[in-house]
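A short write-up of the structure that comes next.
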Amino acid sequence: MAEDSVARDMGIAALILTGFAIAGTGLVALTYTSTRDSIDAAQRAALEASLNALIPADRYDNRLIEDRITVTDPVALGTPEPVVVYRARKAGQSVALLATTVAPDGYSGPIRLLIGVYADGTLAGVRVLSHQETPGLGDGIDLKRSTWILSFTGKSLDNPESDGWKVKKDGGIFDQFTGATITPRAVVKAIRRFLEYLKAHRDQLFAPAASKENAA
Amino acid sequence: MSDISFARILKDGLWTNNTGLVALLGLCPLLATSNSVVNGLGLGLATTLVLLTSNVAVSLIRKLVRPEVRIPVFVMVIAALVTAVELAMHAFLLELYDILGIFIPLIVTNCCVIGRAEAFAFKNGVLRSAVDGFATGLGFTLALVALGALREALGQGTLFSQAELLFGEVGRAMTLQLIDNYRGFLLAVLPPGAFIGLGLLIALKNLFDARAQRRAARKSVALREISA
């Protein structure tokens, strides 16, 4: 008798739990499906806005976000992570490309960079996408904190010559911050590395992928 | 039990039993996201929304759920609500979501949410539970904003910087530059600043309470003398 009622109680408790699990999962599934498109749209808009900050939207006429390739080269790029390259074209001609690369040797972890390069090899600009550098010291690489990152705009592998692609402390032309040399050094190095990679793989990265564009 | 007044619930949540300053629950998000007013406000509002909805939900189901399984049911209700809030923020407040990042899903682990469910909502009606959730959340938000304001003002000499993340373009005009060309005070921005700032806020609150108590004591003594 007593055993029966214990079993019944447990059964009811299990049913209640199951009911709430189903209701909870249902709520999450419902929210997920109803927000999925908004999340995609918001992320896409954020990506587009950050891409357009470097390459103005009127410089290209393709669907930048979809015209992308991924390259991985741990040695030349200095990061084992795949680097996404977006290609901007106008009337089928390569105008510029944008790459999300990583400076692996920041002071407190990897620094994610977005680098824009025109077809002639000059930098359209660089932005920091994410970092964990020390607030007040290394976070000057962030455009919200200082304009330091803008000093790369218009530079290329010939300007300055390769010896100049260092922070001033190491004999180059780029400023470091007071109390923070490691952070800017890592950023300068990552940008130079990407430009060198681009020079070596120009044909692949700037390829006039007509067939791909049709697919996109 | 159920005749606790609304004024009392509000006062408990906002002051007497403030989650951040008295109960010291949810310290991890409190300390981590209070480096500016806007970050604090963003997490505070998200937590308030979760507290309000979880209290209402728990209060609604309190007669349905057996006491033996109430804790797993609370966990499931809270987890589902937090995930829903997280998805909504991801969809509509993307940049703020990126900043607050891991601390939004971590609202699940904020003990004050399950604490209010267990201590209040499971024993009280829907309306009172809603008010309790709201008051507790608001108290937590106030603590976050106060600490955020302290750290932001000391750390970077501004208030409401990046308000556009929360309020859209109008927010851009809300940023107050308190001191021009402020060099910044790093300690206030870094984690130790959060601990020191929270300590100062708690001390300040205790100071207020002690003073109010002394005044009340003096008054009752005076009253007794008059009546004698």
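Quick rundown of the values:
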item: A:N159-B:F167 FRET efficiency (beta carbon distance; Förster radius 41 Å; 0.05 resolution); result: 0.45
item: Paired Rg and Dmax values of the protein assembly as shown, which use every Cα atom, in angstrom; result: 27.8, 101
item: Derived scalar couplings ³J(HN,Hα) [the range A:50-59; Karplus, 6.51 cos²θ - 1.76 cosθ + 1.60; whole Hz; x for Gly, Pro]; result: 6, 5, 5, 5, 9, 10, x, 4, 7, 7
item: Three-way shape call for the range B:1-68 based on the alpha-carbon gyration tensor, with the a/c threshold at 1.5; result: prolate
item: Euclidean distance of C-alpha centroids, the range A:68-110 and the range B:129-171, integer Å; result: 37 Å
item: Interchain or long-range residues, amide H under 5 Å from B:N124's placed H; result: none
item: In Å, descending, principal axis extents of the Cα set of chain B; result: 60, 55, 31
item: ³J(HN,Hα), Karplus 6.51/-1.76/1.60, whole Hz, each residue of the range B:29-37, x for Gly, Pro; result: x, 4, 6, 6, 9, 9, 7, 8, 4
item: Isotropically averaged projected area of the range A:93-216, using the convex hull of Cα atoms (one quarter of hull area), nm²; result: 8.0 nm²
item: MRE, 222 nm, helices only [DSSP H, n ≥ 4, -39500 (n - 2.57), over chain B, to nearest 500]; result: -21000 deg cm²/dmol
item: Vicinal HN-Hα couplings computed from phi for the range B:146-163 (Karplus, 6.51 cos²θ - 1.76 cosθ + 1.60; Hz; Gly/Pro x); result: 4, 5, x, 5, 4, 6, 5, 5, 6, x, 10, x, 10, 9, 6, 5, 6, 5
item: Built amide H within the under 5 Å cut-off of A:G125, gap 5+; result: A:G116, A:G154
item: Likely footprinting exposure, B:L14, A:L113, B:L178, A:L143, fewest C-beta neighbours within 10 Å first; result: B:L178, A:L143, B:L14, A:L113
item: Using alpha-carbon coordinates, inclination of helix A:182-200 to the longest axis of chain A, degrees; result: 70 degrees
item: Average Cα contact separation per residue, the range B:6-227, under 8 Å, 6 or more apart, as relative contact order %; result: 32 percent
item: Chain A: calculated mean residue ellipticity at 222 nm from DSSP helix runs of at least 4, using -39500 (n - 2.57); result: -13500 deg cm²/dmol
item: The range B:18-106: trypsin sites (Lys or Arg not before Pro) in DSSP coil with no more than 14 other Cβ atoms inside 10 Å; result: B:K63
item: Principal semi-axes in Å for the range B:80-123 [√(5λ), Cα gyration tensor, largest first]; result: 25, 11, 6
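Every number here is computed from the coordinates shown, using simple stated rules; none is lab data. In this text the structure is predicted, and so the values were computed from the model without any measurement. Please note: Cβ atoms are built from the backbone with ideal geometry, for glycine as well, and neighbour counts cover all protein chains shown.
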